[in-house]
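The values are calculated or read from the model by the stated rules, or taken from the named source; none is laboratory data. Quick caveat: nothing in here was measured; it's all calculated off a predicted structure. Cβ atoms come from the backbone with ideal geometry, glycine included; neighbour counts cover every protein chain shown. When the accessible area is computed, the model is the full protein with side chains, heavy atoms only, and any ligands, DNA or RNA have been set aside. Shrake-Rupley method; radii C 1.70, N 1.55, O 1.52, S 1.80 Å.
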Amino acid sequence: MANKIIITIDGWSSCGKSTLARQLAGKLGYTYIDSGAMYRAITLYFLRNHVDWTDNSEVDAALKNIGIEFRFNEKVQQSEIYLNGENVEYVIRDLVIAEKVSDVAAIAAVRSFAVAQQQKLGEQKGIVMDGRDIGTTVFPHAELKIFMTADIAVRVERRFKEFVEKNPNVTLEEVKNNLEMRDYIDSHREVSPLRKASDAIVLDNTNLNMEEQLEIALNLVNELL
Ligand code: CDP
């Protein structure tokens, strides 16, 4: 395909954005960037280093010491996130991080730090990026914007299944509370709140399987290329 485009996928917590983004990137030979992983990695750094993120000067000083990169792991055919050279792809998925990430992601300095890197990653186009503000703030001129949604019960069930494999002590209630809390904070924060971009196409995958959602998204891409 000659013309490489930018595809943004935004939406609520755990509604399958990263699954679709990864599938699309694989099919199109594009790079997949999980912007949420960046906020999770920053949160991990803050927690490990006891950064008081209510103090702007502490946040600014800490951000200077954070280096984030994505490297492609051939073995699992997936790009993974590195925090100061350490692969943190798996530890950042922990509920301990999920409990704090939305507070950290609401901080203006944290967002400018992450958004600058995200925009740089998109300079060459040929990218699929998922998150909360990708179609509104990071790439407002993206060629294709998808806004994903799914019923809360389905989202909770999906995330719970992922969690219990790693941690059998996690309850459905905890997962539900976390998703609802993040959705609330993410859509009510001052800087770049979670919103559907006016030109985004809504994809509700409550009743779709992975193949069906991919087919819908690929049709949208093909209309543009
Ligand atoms: O995969 P899941 O839906 O659990 O969330 P994620 O994409 O890993 O994002 C984790 C958190 O990072 C979100 O709840 C937001 O608080 C924040 N985030 C954001 O503020 N902006 C983005 N572009 C991506 C994530």
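From the list A114, A105, A150, the lone residue that is within 13 Å of the ligand (Cβ to nearest atom), over 26 Å from V59 (Cβ atoms) and buried (at least 20 other Cβ atoms within 10 Å of the Cβ) is A150.
Can you tell me which residue is surrounded by the most Cβ atoms within 10 Å (Cβ to Cβ) among those in segment 44-66 that are touching a strand residue (DSSP E or B) at 6+ places or on another chain (Cβ under 8 Å) and assigned to a helix (DSSP H, G or I)? Out of the qualifying residues, it is L44. For segment 112-225, the strands (runs of 3 or more DSSP E) that sit wholly inside it and include 3 or more residues that are within 21 Å of G26 (Cβ to Cβ) are 127-131, 144-149.
Just one of the listed residues (M181, M148) is within 27 Å of T43 (Cβ to Cβ), aliphatic (A, V, I, L, M) and out of contact with any strand residue (DSSP E or B) (no Cβ under 8 Å at 6 or more places or on another chain), namely M181. Under 9 Å between Cβ atoms, which residue pairs at least 6 apart in sequence (or on different chains) link something in segment 165-192 that is farther than 15 Å from R111 by Cβ with a partner that is of a type in the set (S, T, N, Q) and at pLDDT below 95? That search, which allows pairs on different chains as well, returns nothing. Scoring V76 on the criteria (1) open to solvent by 50 Å² or more (accessible area, probe 1.4 Å); (2) in contact (Cβ under 8 Å) with a residue 12 or more places away in the chain; (3) outside any helix (DSSP H, G or I) leaves a single failure, condition (2).
A single entry from E69, E99 fulfils the requirement of being open to solvent by 30 Å² or more (accessible area, probe 1.4 Å) and assigned to a helix (DSSP H, G or I): E99. The requirement of being under 29 Å from K176 (Cα atoms), away from the ligand (no atom under 15 Å from the Cβ) and within 17 Å of the chain's Cα centre (by Cα) is fulfilled somewhere in segment 77-84, by at least one residue. Name the residue that is most open to solvent (accessible area, probe 1.4 Å), counting only residues in segment 8-43 that are away from the ligand (no atom under 12 Å from the Cβ) and aliphatic (A, V, I, L, M). Out of the qualifying residues, it is L28. For segment 159-186, filtered to residues that are open to solvent by 60 Å² or more (accessible area, probe 1.4 Å), within 17 Å of the chain's Cα centre (by Cα) and at pLDDT 95 or above, the residue that is nearest to L208 (Cα to Cα) is E180. In this structure, does F72 turn out to be more than 18 Å from S13 (Cβ to Cβ), within 12 Å of the ligand (Cβ to nearest atom) and aromatic (F, W, Y)? Against the criterion (more than 18 Å from S13 (Cβ to Cβ), within 12 Å of the ligand (Cβ to nearest atom) and aromatic (F, W, Y)), F72 does not qualify. Among the residues making up segment 187-198, those that are open to solvent by less than 40 Å² (accessible area, probe 1.4 Å), near the ligand (Cβ under 10 Å from one of its atoms) and more than 14 Å from S13 (Cα to Cα) are R189, S192.
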